[in-house]
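Engineer: Structure incoming, see below.
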Amino acid sequence: MRSGIPNLTALQAFEATARLGTFSRAAEELSLTHSAVYRQVASLEQRLGVQLFTRVRRRIVLTEPGAEYAGRIRQHLDQIEKDTFGLVSRTGMGRSLHIAVVPTLATTWLIPRLADFARRHPDITVSLSVRTLPFQFKDQPFDGALYHSDHVWPGTRGVLLFREKELVPVCAPALAAARGEGEGPLGAMPHLHLSSRPDAWRDWYGQNRHAFGPHAAGGPRYELFTMVLAAAEAGLGVGLVPRFLAQDALDAGRVTPACPGVLRVPHGYYFSHPESGSRLETLKIFQAWLQAVAGGDPNT
């Protein structure tokens, strides 16, 4: 028994009240009475020893600790809902897989090719969720993962699908044509950075034997390569993007190489899964398809 965890009903009552702003609306959503919701929230505050709401006549306002707690509880309740839905839905859909994948690869490479897998294996349903950091399968509801790394995750079965090879500096054609004078090979163009690879531009300058100055270190940060590429297309600056992701935009003329020189990288995209489990045979089918697609894709 987890004695430190409050009653789930109380947590639901608190989260709904925090989100909706009144006990009455929370009661309506939860199919409870106003007084039942009020008692659940009051008992939660008593158990925690923390005031979650400030009550002024009929109006309630979250305290600062209450607002922080509400946000965290909402995330956990959402995850419980997703896990429950995933468990229930799997029982009626035959073979299924839940794959964690880095977001840019999911939207630009994997999803456009999944229709082929569905045609070949109509009895296997593949669901995707975004994960950007390594994790242990025993702690997450995933059957497999497609991720960016320089090695297979320890304790898993995995294969290298393809190497990233190189990042290319790209920008909008109009920005390249209007490039102002400035120090370095890219003039005064703003540099677009990927948050998860903060040293990419420094490495590019080093590999191409240029001085890395304050201007190159500045510029906006984005979470995803798709954001960097979109910002480059919009003329916001020059971004370093994997060639296989930028190739369509380059071919269509939406972006152009900003200057000669690339950043060569040793990393690649891997697929891995637990070494054992009830879905091992289904995972092998999916892995074989991934390898075939990656091996025959000219963009990788």
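The values are calculated or read from the model by the stated rules, or taken from the named source; none is laboratory data. These numbers were taken from a predicted model, which means no experiment stands behind them. Positions of Cβ are generated from backbone atoms using ideal geometry, with glycine treated the same way; all protein chains shown enter the neighbour counts. These accessible areas exclude ligands, DNA and RNA; they are computed on the full protein's heavy atoms, side chains included. Shrake-Rupley method; radii C 1.70, N 1.55, O 1.52, S 1.80 Å.
Yes/no per residue for (1) part of a helix (DSSP H, G or I); (2) within 30 Å of Ala249 (Cβ to Cβ); (3) modelled with pLDDT under 90:
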position: Pro6; (1), (2), (3): no, no, yes
position: Ala10; (1), (2), (3): yes, no, no
position: Gln46; (1), (2), (3): yes, no, no
position: Ile60; (1), (2), (3): no, no, yes
position: Ala67; (1), (2), (3): yes, no, no
position: Ala70; (1), (2), (3): yes, no, no
position: Gln75; (1), (2), (3): yes, no, yes
position: Glu81; (1), (2), (3): yes, no, yes
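Engineer: Working only within the range 206-244, note down all residues that are buried (at least 22 other Cβ atoms within 10 Å of the Cβ) and assigned to a helix (DSSP H, G or I).
Structural biologist: Ala216, Phe225, Val228, Leu229, Ala232
Engineer: Any chance the range 142-152 includes a residue that's without any contact (Cβ under 8 Å) to a residue 60 or more places away in the chain and assigned to a strand (DSSP E or B)?
Structural biologist: no
Engineer: Could you pull out the residue among Leu48, Leu77, Leu8 that is under 31 Å from the mean Cα position of the chain (by Cα) and surrounded by 14 or more Cβ atoms within 10 Å (Cβ to Cβ)?
Structural biologist: So the residue among Leu48, Leu77, Leu8 that is under 31 Å from the mean Cα position of the chain (by Cα) and surrounded by 14 or more Cβ atoms within 10 Å (Cβ to Cβ) is Leu77.
Engineer: Go through (1) surrounded by fewer than 19 Cβ atoms within 10 Å (Cβ to Cβ); (2) among the hydrophobic types (A, V, I, L, M, F, W, C); (3) touching a residue at least 12 places away in the same chain (Cβ under 8 Å); (4) part of a helix (DSSP H, G or I) one by one and return the number of the condition Ala115 breaks.
Structural biologist: Failing condition for Ala115: (3).
Engineer: For the condition surrounded by fewer than 20 Cβ atoms within 10 Å (Cβ to Cβ), acidic (Asp, Glu), at pLDDT 95 or above and under 22 Å from Thr132 (Cβ atoms), what is the one hit in Asp203, Asp251?
Structural biologist: Checking each option against the conditions leaves just Asp203.
Engineer: Test Val130 against the criterion of being open to solvent by less than 50 Å² (accessible area, probe 1.4 Å) and touching a residue at least 12 places away in the same chain (Cβ under 8 Å), and give yes or no.
Structural biologist: It is false that Val130 is open to solvent by less than 50 Å² (accessible area, probe 1.4 Å) and touching a residue at least 12 places away in the same chain (Cβ under 8 Å).
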